[in-house]
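Participant: Dropping a structure here in structure tokens format, bear with me for questions.
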Amino acid sequence: MRPRVTMILTAHFSDADGDCVTVDNRYYRMLNSNDQLYMRKLTAGTKPVFLDFGWVKEPRVLVVTNEEGKHVQKQPVVSELEPKVLELLSGETVFARLRPGETMVYEPVGAVNVRAVVGQVRFTVHAVPG
């Protein structure tokens, strides 16, 4: 069987009246490589830095997760998490913001830089070889 990566997304949108709309999306991408997945847990500061994909030269899929708010001894209050936003940049242009606990899955085109809006943000990157 040829290697592939499968994504499953379910999003629920609820209004104040309790009406709900659900979006389900499942798809996969075939991979041309059986190379090992690259995974690193990192910390971003306020200065943009180049996101290195290790041995994966051109990722077919990139998964970035803001790890803030997870694995804590007590339930964090909103004010503690609010500034823990991770920004993804192409050059100097911000193209995505990940709030605590959020994940983004996409195919990168070109270099990716990361930075924290305020302070430091813990995040995990998975680069899937093409």
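The values are calculated or read from the model by the stated rules, or taken from the named source; none is laboratory data. Because the structure is predicted, anything quoted here is derived from the model rather than measured. Cβ atoms come from the backbone with ideal geometry, glycine included; neighbour counts cover every protein chain shown.
Participant: Return only the number of the condition from (1) within 21 Å of MET7 (Cα to Cα); (2) at pLDDT 95 or above; (3) under 13 Å from the mean Cα position of the chain (by Cα) that ARG115 does not satisfy.
Facilitator: (1)
Participant: How many residues are part of a strand (DSSP E or B) and surrounded by 20 or more Cβ atoms within 10 Å (Cβ to Cβ) when one looks only at segment 49-60?
Facilitator: Here the count works out to 1.
Participant: Starting from segment 50-70, keep only residues that are within 14 Å of GLY130 (Cα to Cα), then list their pairs with residues that are among the aromatic types (Phe, Trp, Tyr) and part of a strand (DSSP E or B) whose Cβ atoms are within a distance under 8 Å, requiring at least 6 positions of separation or different chains.
Facilitator: Sorted first by the residue in segment 50-70, then by its partner, the pairs are PHE53/TYR38; GLY54/TYR38; TRP55/TYR38; VAL56/TYR38; PRO59/TYR38; VAL61/TYR106; LEU62/TYR106.
Participant: List the pairs whose first member sits in segment 112-127 and is farther than 12 Å from LEU51 by Cβ, whose second member is crowded, with 16+ Cβ neighbours inside 10 Å and at pLDDT below 95, and whose Cβ atoms are under 7 Å apart, counting only residues at least 6 apart or on separate chains?
Facilitator: Pairs found: VAL121/GLU68; VAL121/LYS84; ARG122/GLU68.
Participant: Evaluate the following for ASP15: is it without any contact (Cβ under 8 Å) to a residue 24 or more places away in the chain and closer than 30 Å to VAL117 by Cα?
Facilitator: yes
Participant: Moving on to the next point. Taking segment 91-111, which residues are at pLDDT 95 or above and over 26 Å from THR10 (Cα atoms)?
Facilitator: Once the filter is applied, which keeps residues that are at pLDDT 95 or above and over 26 Å from THR10 (Cα atoms), segment 91-111 yields only THR93.
Participant: A further question follows. Give the residues of segment 1-47 that are farther than 19 Å from GLU102 by Cα, in a strand (DSSP E or B) and more than 16 Å from the chain's Cα centre (by Cα), sorted by residue number.
Facilitator: ARG4, CYS20, VAL21, TYR27, TYR28, ARG29, MET30, listed by residue number.
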